[in-house]
Amino acid sequence: MSVKEMFDLSGEKAIVTGAARGLGEQMALALAEAGADVAVVDVNIDAACRVTDHIRNIDRDSIAIKADVTKVADVENMVKVAKDRFGKIDILINNAGITINVPAEEMSKEEWDRVIEVNLTGVFLCAQAVGREMIKQKKGNVINISSMSGLIANRPQPQISYNTSKAGVIMITRSLASEWRKYNIRVNAIAPGYMRTPLVDEVFPKYGKGWSSLTPMGRIGDPYEIKGSALFLASRASSFVTGSVLVMDGGYTIW
């Protein structure tokens with residue numbers, strides 16, 4: 001098999017959650033540029049439609065689906081709509097996530113629950129619902145977006161709920177990879193470092209200089225830089241990879 005063939009996603013059908021902007025948008029575009037048809041899932045349907053239009057402009061099929069990944073009914077509908085449109089689901093990228101930066105001693109239970117529900121429970125619900133379809137077809141590929149925050153405790157910002165949720169995503173990834181190996185379903189994770197997404201832009205003036213100085217490469221990442229990692233794990237180029245965590249953090253976690 002040639003290198004081009006290994007990375008070719010022609011005929012593949014994908015779902016990307018939290019795909020209306022930032023890393024999710026870039027990963028949805030990466031799959032489409034490699035030949036896949038992509039369901040763009042987000043709570044912000046207008047922004048999702050913009051990404052869908054972009055994908056259609058490169059001659060791939062795409063549909064925007066509004067879904068809250070913490071709601072079982074929304075997740076089940078997401079799967080139904082995507083399967084009705086595409087006929088199957090080959091790839092799922094679990095990207096939807098939030099953060100709340102509050103000191104541990106001040107964090108309310110509601111704040112804690114919200115982050116865990118979106119970042120951890122949402123990943124499980126989407127993987128479970130899509131996984132059931134993949135089990136039927138004896139084929140599938142799940143990519144969960146964790147974070148270097150699942151491996152270390154970040155500083156200086158307080159984010160105990162975010163760190164905990166992203167560590168949990170890593171264990172969901174390993175557990176599903178173990179359970180679903182018999183169905184020919186691969187499950188991996190990407191653990192990005194600081195990336196210049198819209199969410200990061202909101203706090204970059206306060207933390208950005210420090211983050212860059214703590215990163216061996218001397219900068220934070222650009223969102224498009226996740227495209228290669230996502231395509232590698234989504235394609236046959238990673239056919240012998242499962243249960244792994246691909247860390248892309250500019251070297252942050254080596255110090």
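Among the residues examined, residue 219 qualifies as in contact with a Ser or Thr (Cβ under 7 Å, 6 or more places away or on another chain) and either among the aliphatic types (A, V, I, L, M) or surrounded by fewer than 19 Cβ atoms within 10 Å (Cβ to Cβ) (or both).
Among the residues of this structure, residue 48 does not count as one that is in a helix (DSSP H, G or I) and closer than 15 Å to residue 234 by Cα. When you go through 93, 116 one by one, which is the residue that is at negative phi and not in a helix (DSSP H, G or I)? Result: 93 is the single residue among 93, 116 that is at negative phi and not in a helix (DSSP H, G or I). Checking 154, 141, 163 one by one, the residue that is crowded, with 17+ Cβ neighbours inside 10 Å, free of Cβ contacts under 8 Å to residues at least 60 places away in the same chain and under 16 Å from the mean Cα position of the chain (by Cα) is 163 and no other.
Considering the stretch 60-108, and only residues there that are among the acidic types (Asp, Glu) and more than 25 Å from residue 158 (Cβ to Cβ), the residue that is surrounded by the fewest Cβ atoms within 10 Å (Cβ to Cβ) turns out to be 84. Residue count for the stretch 192-211, restricted to those that are farther than 12 Å from residue 156 by Cα and aromatic (Phe, Trp, Tyr): 2.
For residues that are β-branched (Val, Ile, Thr) and in contact with an Asp or Glu (Cβ under 7 Å, 6 or more places away or on another chain), scanning just the stretch 18-54, find the one that is farthest from residue 127 (Cα to Cα). Checked the stretch 18-54; the qualifying residue farthest from residue 127 (Cα to Cα) is 51.
Could you please give the count of residues in the stretch 1-24 that are aliphatic (A, V, I, L, M), closer than 22 Å to residue 52 by Cβ and out of contact with any Gly (no Cβ under 8 Å at 6 or more places or on another chain)? The total comes to 5.
Only residues that are more than 21 Å from residue 127 (Cα to Cα), in contact (Cβ under 8 Å) with a residue 24 or more places away in the chain and either among the polar types (S, T, N, Q) or surrounded by 24 or more Cβ atoms within 10 Å (Cβ to Cβ) (or both) were counted across the stretch 1-17, and they come to 1.
A short reminder: the numbers here are calculations on the coordinates, not readings from a lab. Computed from a predicted structure; not experimentally measured. Every residue, glycine as well, gets a Cβ built from its backbone with ideal geometry; the counts of neighbours run over all protein chains shown.
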